[in-house]
2 protein chains.
Amino acid sequence: MTDRLPHPPRSGAADDTLRSDAAGNRDRILDAARALFVSRGPDVPMREIARHAGVGPATLYRRFPTKRDLVAEALADRMRACRDIAEEGLADPDPWRGFRRVIERICALHARDRGLTEAFVAGFPDALDLAAGRAETLRTIAELARRAKDSGDLRPDFVLADLILVLMANKGIQAPTPAARAAASRRFAAYVVQAFRASPDHTPLPPVAGPL
Amino acid sequence: MTDRLPHPPRSGAADDTLRSDAAGNRDRILDAARALFVSRGPDVPMREIARHAGVGPATLYRRFPTKRDLVAEALADRMRACRDIAEEGLADPDPWRGFRRVIERICALHARDRGLTEAFVAGFPDALDLAAGRAETLRTIAELARRAKDSGDLRPDFVLADLILVLMANKGIQAPTPAARAAASRRFAAYVVQAFRASPDHTPLPPVAGPL
DNA sequence: CGTTAACCGGACGCCCCCGTCCGCCTCGTT
DNA sequence: AACGAGGCGGACGGGGGCGTCCGGTTAACG
């Protein structure tokens, strides 16, 4: 109980006390995972990622015991991109233009790999990095939405859950090639922006949650 | 070549020269398939459907050699419902109101079971019944859209592919319970209607297909 | 340059799903 | 009542993904 451990219990963060080959493999695994998530969706077998990275399955599982760990690490920078997009939108002097660009850019980002959308929708509570990034992004967008409502451009009955709704819907868009999917998502985002825009005749929106 | 066959080559339609127990089993298989497609999505294993119907796997496979056959037969009435919805919309004296109702009702229908959406999006060329129903539905909606554009209520840059886009997006909507999914889809459909409505400031829409 | 501990990947066993074959059973008819 | 064609479901072999163990290998350090 009182023994001093030869290695301090590795904190959750990426341990940089990794042997050089191990670190290289780790990076290659992450690269392969990112590439495959984009090209073949988030359901690629772990095996496939390992093969593509040129390592054995054991190495992959040792470094990332569960697929969620791998996804979390692989998607960390995308999540940061989401945060940046939201903050750039908030920085726009015109709240509505900022909001609009946020919708367009986030849809485009999420059209690239759907794993990010899953992280956003489910917001899995493990993977703290992702959850934190998600929360901060949503907070920023909420503030942006408030300002856009105040300026009278965003419809007042918009709620933040509608953004999740749009991202889920965006995830459903399929196309034979990544380029086609991007184009379809772009058009979809344009429609969404139109739908969110305030309009003199505001037919009331159905409630977010169904009747209890 | 000139022999008269004891049984005429069974036409693609459901053969009614089926022994009574076989017919009963066939119906129970279809009921089980419909129920499971709704409650657990279109990816339920064939085994599960057979178990739920109280028959063995062989019986299921004998009656429906491929899963696509089963899906086609199970979804035939939903597809008919789509057709009816479209025609009722076309019958509405106000084209825009008809169009709007078609969007709402078709989204609701497709929110119930996603298998129908797959049939609509992919429009698989086997399963002739489904393909025919899909084609007729789309033709009717195209005509309705033309009228709604003429009346100035539907934005002129709407194309029929946008309906497919919306259905794909609708398919992406997830929720813990069927009721919640229905509610979310309802709200989504309302947004879509708003997006499709003609507006004085028509910011140009991104093209349907991306740059070549 | 030698030692050692960490790392590597091939191989294993498990489970689930798929599609098919075969011996028994049952409906429909004579 | 008895027959036979058609139907039935249990059982089989194949394939693929998953998560883990172990003997060989290699980086790191004295």
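The values are calculated or read from the model by the stated rules, or taken from the named source; none is laboratory data. Remember, predicted model here, so these are calculated numbers, not experimental data. Cβ placement follows ideal geometry from the backbone for every residue including glycine, while neighbour counts extend to all protein chains displayed. For accessibility, only protein heavy atoms count, side chains too; no ligands or nucleic acids. Shrake-Rupley method; radii C 1.70, N 1.55, O 1.52, S 1.80 Å.
Which Cα, out of B:Ala22, B:Gly89, B:Val44, lies furthest along the positive dipole direction of chain B (beta carbon charges, K/R +1, D/E -1)?
Towards the positive end, the residue furthest out is B:Val44.
Is region B:29-137 best put as rounded, prolate or oblate by its Cα gyration tensor, with a ≥ b ≥ c the root eigenvalues, rounded for a/c under 1.5, and otherwise prolate when a/b is larger than b/c, oblate when not? Spell out each step's value before the answer.
Numbers: a/c = 3.07, a/b = 2.19, b/c = 1.40.
It comes out prolate by the Cα gyration axes.
Quickly estimate the mean residue ellipticity at 222 nm for chain A, helices only: each DSSP H run with n ≥ 4 gives -39500 (n - 2.57), and the total goes over all residues, rounded to 500.
Working: 10 runs with 142 residues, N = 212.
Rounded to the nearest 500, the figure is -21500 deg cm²/dmol.
Among A:Pro200, A:Pro125, A:Pro93, which one shows the highest mean-square fluctuation when chain A is modelled as a Gaussian network with alpha-carbon springs under 10 Å?
Checking each option, the largest mean-square fluctuation is seen for A:Pro200.
Give the accessible area for A:His202 in Å² (nearest 10); use a 1.4 Å probe, count only protein heavy atoms, and leave out ligands, DNA and RNA.
130
Within 10 Å, count the other beta carbons around each residue, average over each peptide in B:80-91, A:100-111, and list them highest first.
A:100-111, B:80-91
Assign unit charges at the C-beta atoms only (+1 for Lys and Arg, -1 for Asp and Glu), then state the dipole size of region B:21-74 relative to its Cα centre in Debye, rounded to the nearest 20.
120
What does the average come to when, for each residue of peptide B:173-180, you count the partner chain Cβ atoms lying within 10 Å of its Cβ?
3
Mind listing the label-point distances from B:Arg68 to the same position on all other copies, shortest first, one decimal in nm, points 7 Å along Cα→Cβ?
When each copy's label point is compared with this one, the spacings are 3.7 nm.
Please average, across the residues of B:154-166, the number of beta carbons from any other chain that are within 10 Å of each residue's own beta carbon, and give a whole number.
2
Ratio to report: Rg/Rh of the protein assembly as shown, with Cα atoms as the point set and Rh obtained by the Kirkwood method; give two decimals.
That ratio is 1.04, to two decimals.
So which residue, out of B:Ser20, B:Ser199, B:Ser151, gets the largest mean-square fluctuation from a GNM of chain B using Cα contacts under 10 Å as springs?
B:Ser20
Which residue, B:Ala23, B:Ala33, B:Ala53, tops the fluctuation ranking in a GNM of chain B built on C-alpha contacts under 10 Å?
B:Ala23
Under a 5 Å amide H to amide H cut-off, with H placed in plane at 1.01 Å, what residues pair with A:Leu154 once short-range neighbours are removed?
A:Lys149, A:Ala198
Can you give me the angle between helix B:178-196 and the longest principal axis of chain B, using Cα atoms only, in degrees from 0 to 90, rounded to the nearest 10?
Computed tilt is about 40 degrees.
When Cβ neighbours within 10 Å are restricted to other protein chains, what is their mean count per residue of peptide A:197-206?
Counting other chains' Cβ atoms within 10 Å and averaging over A:197-206 gives 3.
Taking the label point as lying 7 angstrom from Cα along the Cα-to-Cβ axis, what are the distances from A:Asp150 to the corresponding position in the remaining copies, in ascending order and in nanometres?
Spelled out, the distances from A:Asp150's label point are 4.9 nm.
Bin all alpha-carbon pair distances of region B:21-74 at 5 Å intervals from 0 and give each bin's fraction as a whole percent.
4, 23, 40, 26, 6, 1
Mind checking the dipole of region A:83-212: about its Cα centre, +1 per Lys or Arg Cβ, -1 per Asp or Glu Cβ, Debye to the nearest 20?
For region A:83-212, the charge dipole is close to 420 debye.
Quote the FRET efficiency, to the nearest 0.05, computed for B:Phe124 versus A:Arg51 with a Förster distance R0 of 35 Å and r equal to the Cβ-Cβ distance. Working shown, then result.
Values: r = 31 Å, r/R0 = 0.89.
Efficiency computed from Cβ-Cβ geometry: 0.65.
Could you work out how far the C-alpha centroid of region A:53-110 sits from that of region B:49-110, in angstrom?
A separation of 37 Å, based on Cα centres.
In terms of the Cα gyration tensor, with a ≥ b ≥ c the square roots of its eigenvalues, is region A:76-196 rounded because a/c is under 1.5, prolate because a/b exceeds b/c, or oblate?
The shape class here is oblate.
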